[in-house]
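Presented below is the structure to which this report refers.
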């Protein structure tokens, strides 16, 4: 990871105008990668658990991490971050109200999951986790190549 970071940094310094958007693209992709890891961990916990064996504290820490970063990547979707190296469809910039609505659905779902996880209720967590997954899929279907 560090080698990749330094290689990208050197490349961006040598060709600043050709890849001005690389920083934003990499930043938002890193958030998505981190979220994918959190979602895999949470999904595994839900799959392996039931109401009696659910590790509420462990799950709550993961849900909190997701919720705390739920608003972070969106600032990296500026007009200069379109194009090469990006998996974002043009619809992100062509339909900004729809993209903002998708972001809101995700951030609301992440907040709901965090709240449900703090109560320790397995059934509520399972439902809320499903809503997070649905919001991710809906956004990716419409706004990601």
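The values are calculated or read from the model by the stated rules, or taken from the named source; none is laboratory data. From a predicted model like this one, the values you see are computed outputs, not experimental measurements. A quick note on method: Cβ atoms are made from the backbone with ideal geometry, for glycine too, and the neighbour counts reach across all protein chains shown.
Taken over region 64-82, the criterion of being modelled with pLDDT of 90 or more and under 10 Å from residue 25 (Cβ atoms) is satisfied by 76, 77.
Residues in region 108-127 that are within 19 Å of the chain's Cα centre (by Cα) and free of Cβ contacts under 8 Å to residues at least 40 places away in the same chain: 108, 109, 112, 115, 127. One residue alone among 26, 3 is more than 15 Å from residue 113 (Cβ to Cβ), at pLDDT below 95, within 19 Å of the chain's Cα centre (by Cα) and in a helix (DSSP H, G or I), and that residue is 26.
Checking each residue in region 83-101 for being closer than 16 Å to residue 26 by Cα and over 18 Å from the mean Cα position of the chain (by Cα) picks out 83, 84.
Among the residues of region 55-84, what is the count of those that are part of a loop (DSSP other than H, G, I, E, B), out of contact with any strand residue (DSSP E or B) (no Cβ under 8 Å at 6 or more places or on another chain) and surrounded by 15 or more Cβ atoms within 10 Å (Cβ to Cβ)? Explain how you work it out, then say what you get.
If we filter region 55-84 for residues that are part of a loop (DSSP other than H, G, I, E, B), which is where we start, we get 55, 70-72, 77-78, 82-84.
Subset that is out of contact with any strand residue (DSSP E or B) (no Cβ under 8 Å at 6 or more places or on another chain): 55, 70-72, 78, 83-84.
Checking the rest, the ones that are also surrounded by 15 or more Cβ atoms within 10 Å (Cβ to Cβ) come to 70.
The qualifying residues number 1.
Can you find, within region 129-145, the residue that is nearest to residue 64 (Cα to Cα) among those that are crowded, with 19+ Cβ neighbours inside 10 Å and without any contact (Cβ under 8 Å) to a residue 60 or more places away in the chain? Out of the qualifying residues, it is 135. Quick check: anything in region 97-109 modelled with pLDDT of 95 or more, over 15 Å from residue 139 (Cα atoms) and touching a helix residue (DSSP H, G or I) at 6+ places or on another chain (Cβ under 7 Å)? Within region 97-109 (the criterion being modelled with pLDDT of 95 or more, over 15 Å from residue 139 (Cα atoms) and touching a helix residue (DSSP H, G or I) at 6+ places or on another chain (Cβ under 7 Å)), the answer is no, since none of the residues qualifies.
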